[in-house]
Structure formats: structure tokens, C-alpha cells
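What follows is one structure encoded as C-alpha cells, with my remarks underneath.
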Amino acid sequence: MLQLLLIAFRNLGTHRRRTLLLGGAIAGVTALLVVLMGLSTGMKDTMLRSATTLATGHVNVGGFYKVTAGQSAPVVTGYPKVIEQVRKDVPELDYIVQRGRGWVKVVSEVGSSQVGLGGIDVEAEPGIRKVLQIKEGSLDGLKERDTVLLFEKQAKRLEVKVGDTVTLSAPTLRGTNNTVDVRVAAIAANVGLMSDFNIFVPNSTLRSLYQLKDDTTGAIYLYLKDVAQVPAVQARLRQTLAAAGHELMDNDPRAFWMKFEVVNREGWTGQKLDITNWEDEISFINWTLTALNGLTGVLIFVLLVIICVGIMNTLWIAIRERTREIGTLRAIGMQRTRVLAMFVFEALTLGFLGTLAGAVIGLAVCLGINAADISVPEVVAVFIMSEKLNLAVNAGSVVGAMLFITACTTAISLIPSFLAARMKPVTAMHHIG
Amino acid sequence: MNPAAKAPIVSITNVTKDYNLGKVVVPALRGVDLQVHPGEFISIAGPSGSGKTTLLNLIGCVDTATTGVVSVAGQDTKQLSERQLTNLRLHTIGFIFQSFNLVSVLTVFQNVEFPLLLQRKLDKAQRRERVMQLLEQVGLAGHAKHRPNELSGGQRQRVAVARALVTRPQLVLADEPTANLDSVTGQHIIDLMKELNQKEGTTFIFSTHDAKVMNHANAVWRLADGKILDRLSASEAQRAMAVGGH
């Protein structure tokens, strides 16, 4: 076998120009795949980190309370008992928080805008400090009642700064409008789409605005030690909460605010819980990832086809050039399987070395882009929830990409190699050309 | 001991070989019978197109007869599978080709070692010893690390001889082994083959046009139009060639 590898390796070296051209193409596709996967993973990481802190947990227990069939509020009543149940059922839990949720009009002296409202207990939220970059004021300012955290974009639009007062106006459960004046305690750096339609106030302020009881909240956010456990935890909670007597909504993988219409059409009243995960809550922007992954898939597929045709063509040429050699080796006692292996090794060696070089180049490009701290256009930042381009390289994906491309090139080489192995020694030995 | 007293290593009985060239059938061999015994140094002579190479291909198990029986080392080649034929070639037969047919990307040592690697009988040290012993015999021990393209034609053919003999085959087939060499180098190659035939007892069958080369053979099978004309001694063959006969 070593001798066959040696022959493969030396034949590649003998036809240096051909090898470099094809190896370069393989390296290029691998590098492109590594960079695109880095971009996709980076986006996903950023979205996961930002979204799961600002707008959702890894798993959420939310729900709707309906006083009448056509009037719903996105709240969980009696949440301390639900939290107690969740803590018991989910050993994978890292920490758990409860947040009020609502939709308000923010009014300043010069303008107004409609935004999503998050009610937080800032002392119970370890994650939010890691994600929010406070530009003005202090996050601890939200410990005080009737304060608000705005993002730079909103502060600019409303023309307010820390210490100014804005008015929040929202309809209560009873259908009447209520208002509360809040002081701007902190202004945070923009984090993509979240900055456009999210503000944060202390939970106590949100409760007073919506006139909610102390044991009512918007949703319970579960943060897990390992995100991979999300589907298992979600499935388990559906069973255990139902078993504990809670009414559950059918699974609907969308953000809570997209469900009002459906919920209001249904005839039930009272409380129903809704269990979602982080992907459901940001599904409305997740299409960017799907689109990027789709584009990556199509691009890589097309390039792979080109490479595979190149590999096949190269092997055809090599086999044609070495037909007499094949005949000789068969004559001196080499079995067909070994002839097959000899050419497959050649494609395997080329594929492996090409993908290895490509992975190194791809990694270097990713590291270079991260080191360059490149700012992305605002329209891109909206979707990736970051103002900087971040490429996250995962060792497993890089190895996976290498193995996948090497496997493709090796698999396609089986066709010409098989035909080479099938040659009759006498025909091959007397081949002219 | 007289080689003819032993069981034949090659036995060919009423063998024909036809080639289909489209709608035309070209007969290359027309009812050939011959026997070769262990230790013989046989030449197959005849003009171009007489069927020498076809006959060697059949004996070498790289091609199959249309009709008749080809038996090598006691085995009817028609009854063997492709794998068994390959094993028969690997363990019983050595080949020397007109245009050397060495693997260009391997060194001299690696070329000679290659059949031993296919056989998987010897360990690394034993292989090394055997290869170096043969390279010394063919006078190329100092060229073990050279690639074939760094050698002259005569040296390449000596490598091919070493490769053919490295597995200690019972039979070595050489198709016009001196055709691509000058007469002096060709003479050296034949001398070398003869020496190995006498020292190791290996049976050699080689085809040639060259009367001087034929002169070394124990016997010369003369072939014309796909048929064996006769079996002559070397001197008889020389005389026949001198008067312009086949």
C-alpha cells in the first residue's frame, strides 16, 4: 500500500502544473467553503448571543391570557409556580429569568415610535451585561423604578439623552390606554435589528404600565448550559407542564407577537402556556441564515461539480498516459483491486492536500477578517445583530468540509479508476499513445 | 540432468488465436503445439507478424487462446479465474519487455522490489537483501537510487531483468529483449540471461529476430504465419537463417 501511495504521490509531483492547477481549484473551493461556513456560524453565534439575551431565552415558557375570546395578553400568570416546576424538570438549566413583554409607544418632546418593551430585573440578568455595550449612563440605573434603557438609534430618533424623560403609552388588559413617564437611565450601542424595536424597563415599571399583578410576567426565559439540549428540554417541558395541569398551546414556531391574530381567533379563555425556543422567537430574521446557507450550498455544489469533472478528466489523461504502465503492472502480477487503489490514492492524495491547503487559507482569511475588525453596512448589521463582521471558525466544520470535498473527489475518481482496473493486460501493454 | 526428462513447464496443444478486427477475423496462431521443459533457454524466431508476441502473451497468461490448451506450471490457464491468472503470473512468471516498461516514478531499487511487495512473502530486510543481490548480479548495485530516466537503455533492460528474476520465477518470458538496444548491449543482456539461466536454473523463452541472439539458445522454435515450422538447435537455426529461410 505504501508503494501505491508513493507512486500516486510521485505521479502528482511529476505532472506538477496539472497537479497545481487542480489542487489549487480544490484548495480554492475548500477555502471558500471554510469562509462561508465561518460567516454563517459567526452570524448564527452573534444572533444567538444577542437575541437570546435581548429578546429570548434558549427555551421560553410564554403564553397568552384571555379575558374574553377575542382579547389576549402575552402574559404568564402565577409564574413563580411555573418557575418552580421548570427548575425541577430541567437539570440542564444554567439560569432562569422572567421578563415582562409588551408593545408600547414611546413619546419624547420631538417624536415617537412604536417598540417592543422588555421588563427586566437587571440584578437577576447575568447575560445582559455581557451583550449590551453601554454608551451613556449605567445599566445599574435600571434598578430604579420608572427608568428606561434605549439604544443609540432610538435615542437619536427621539433626540433624548441620559436623564431626559420619555412617556410610554400602552393598552392594558382591560383595553384602556395607560401611560408612564420614565427617565432615560442608559443608552446602549446598537445591536442590529434588536435596536430598532426594543427598549428595556424595570419589571416593576412594566407591571404598573400594564396594571399586572406581582405574580404575572411576560415570559420565563431558560438559559441552558448547552444550547444543543434545546430540543430535548423543549419536548420535556411540553410533557411535564401539561402533566402538572397547565394548558399548552399547539407548537407554533414563530415569535410571540406574530401569534396574536391566531390566538384571538380561538375560542378559549384563561391562561395557556406557549413553549418556544430562541430560533422560533427570531424566526422572522432567521431567513438570512437560511438564505446564506442555501447560497453556500448552491455555490459549493456548482464548484464541486466543476472540480469533480476536472478530477475525472485529469485521471482519464493520467490513465491514458499510463496505460502501458497499467498493462505492465497487471502482467507482473498486480491484481485489479490494486490498480484501482493506485488511481484512487492519486485522487485521494490530491483531494486531501488540496483541501488541507484550502482549509489553511480559509482559516487565515477568517482570522484576517476578524483581526481587521471590519464594520458591516447598516443594512447587514440589522440582520446579523452586530456592527462588526465576525467569522466563527469551528474545527469540526473545517475538518468536515475537508472530508466532504476529499470524499467527493475520491468518489468521482472511482469511475476512471475502475475502468483502468478492468483493462486487459495484453490490451494495455500494447497501447500506443 | 537433461531438461527434457522433467515435466514440461509450458505445454501448448493445438492452440489457435484469432483477433477480431471489426468484421474481419485475423488468425494469429493456427494450431500451435510445443513443450518447454524446466531449465531450457528457448528462442522463438520468426518474421514480424509470425505470431511470436501472441504466443508469448498466451504463455505469459496475459491473453487467452481461442481454442486449444495452454498449460503453465501444470495448470490449464483456461480453467483459471482472472485473480488466479494474476497470481500465476506473480509467482511463476517473470517478464522482460522490449521497451523495458519500468515504472518511471520509482527508483531502480523500488522497481525491482515491486513484485516482492505484491507477493508479500518477504519482510523488509529480506526484500532488501534479495533486491541488492540481483542488482549486483546485473551490475547496477550502484544505481539503486536512480530513476529509470537517469539510466541508459542497456541499464534499464538490466533493471527489467532483475525485476523479472527477483521473485525466483520458474519461467521468464522476454519479448524481443534486445530490439531496442545496440548490438553490444544486447549481447550483454543475453549473456546475463544465459548466466542466470545456468546459475538459477530459470527457464527462459525469448523472441528475437537477431541470429546472434538466437545463437545462445538451447533450441529455436521457428514460427511463420502463426504455425511452428520446426524446432532447431541454435547452430541449425543459424544455418537456416544464413540461407534465408525462416
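The values are calculated or read from the model by the stated rules, or taken from the named source; none is laboratory data. Everything numeric in this text was worked out from a predicted model, so none of it was measured. Neighbour counts are summed over all protein chains in view; Cβ atoms, including those assigned to glycine, are modelled from backbone coordinates with ideal geometry.
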#### Entry: Breaking point among (1) surrounded by fewer than 20 Cβ atoms within 10 Å (Cβ to Cβ); (2) more than 16 Å from the chain's Cα centre (by Cα); (3) farther than 18 Å from B:ASP175 by Cα, for B:PRO38
(2)
#### Entry: Qualifying residues in the range A:166-200 (those that are among the charged types (D, E, K, R) and at pLDDT 85 or above) - the one farthest from A:VAL106 (Cα to Cα)
A:ARG183
### Task
Give the number of residues within the range A:31-58 that are assigned to a helix (DSSP H, G or I) and touching a Phe, Trp or Tyr at 6+ places or on another chain (Cβ under 9 Å).
8
### Message
Which residue is surrounded by the fewest Cβ atoms within 10 Å (Cβ to Cβ), if the candidates are limited to the range B:79-112 and must be facing chain A (nearest Cβ under 8 Å) and closer than 16 Å to A:ARG338 by Cα?
### Response
B:ARG83
### Task
Kindly indicate whether any position in the range A:74-96 is among the hydrophobic types (A, V, I, L, M, F, W, C), surrounded by 22 or more Cβ atoms within 10 Å (Cβ to Cβ) and not in a helix (DSSP H, G or I).
yes
### Task
Name the single residue, out of those in the range B:47-63 being modelled with pLDDT under 90 and hydroxyl-bearing (Ser, Thr, Tyr), that is farthest from B:ASN14 (Cα to Cα).
B:SER48
### Message
Just to be sure before I move on: is B:ALA219 out of contact with any strand residue (DSSP E or B) (no Cβ under 9 Å at 6 or more places or on another chain) and at pLDDT 85 or above in the structure I sent?
### Response
no
### Query
In this structure, does B:VAL161 turn out to be in contact with a strand residue (DSSP E or B) (Cβ under 7 Å, 6 or more places away or on another chain) and either buried (at least 23 other Cβ atoms within 10 Å of the Cβ) or in a helix (DSSP H, G or I) (or both)?
yes
### Filtered residues of the range A:297-334 (kept if under 34 Å from the mean Cα position of the chain (by Cα) and either within 14 Å of another protein chain (Cβ to nearest Cβ) or among the aromatic types (Phe, Trp, Tyr) (or both))
A:PHE301
### Query
Has the range A:9-16 got any residue that is more than 14 Å from chain B (Cβ to nearest Cβ) and buried (at least 22 other Cβ atoms within 10 Å of the Cβ)?
no
### Task
Please find, among A:LEU132, A:LEU142, A:LEU158, the residue that is crowded, with 19+ Cβ neighbours inside 10 Å and at pLDDT below 90.
A:LEU132
### Query
Would you say A:LEU419 is on the phi < 0 side of the Ramachandran plot and modelled with pLDDT of 85 or more?
yes
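Return the only residue of A:LEU21, A:LEU36 being surrounded by 19 or more Cβ atoms within 10 Å (Cβ to Cβ), away from every other protein chain (no Cβ under 14 Å) and of a type in the set (A, V, I, L, M).
Residue meeting the stated conditions: A:LEU36.
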### Task
Go through the range A:1-38 and count every residue that is within 12 Å of the chain's Cα centre (by Cα) and at pLDDT below 85.
0
### Qualifying position, being surrounded by fewer than 18 Cβ atoms within 10 Å (Cβ to Cβ) and either in contact (Cβ under 8 Å) with a residue 24 or more places away in the chain or outside any strand (DSSP E or B) (or both), among B:ASP33, B:ASP63
B:ASP33
### Query
Taking the range B:186-221 on its own, how many of its residues are more than 16 Å from the chain's Cα centre (by Cα) and buried (at least 23 other Cβ atoms within 10 Å of the Cβ)?
0
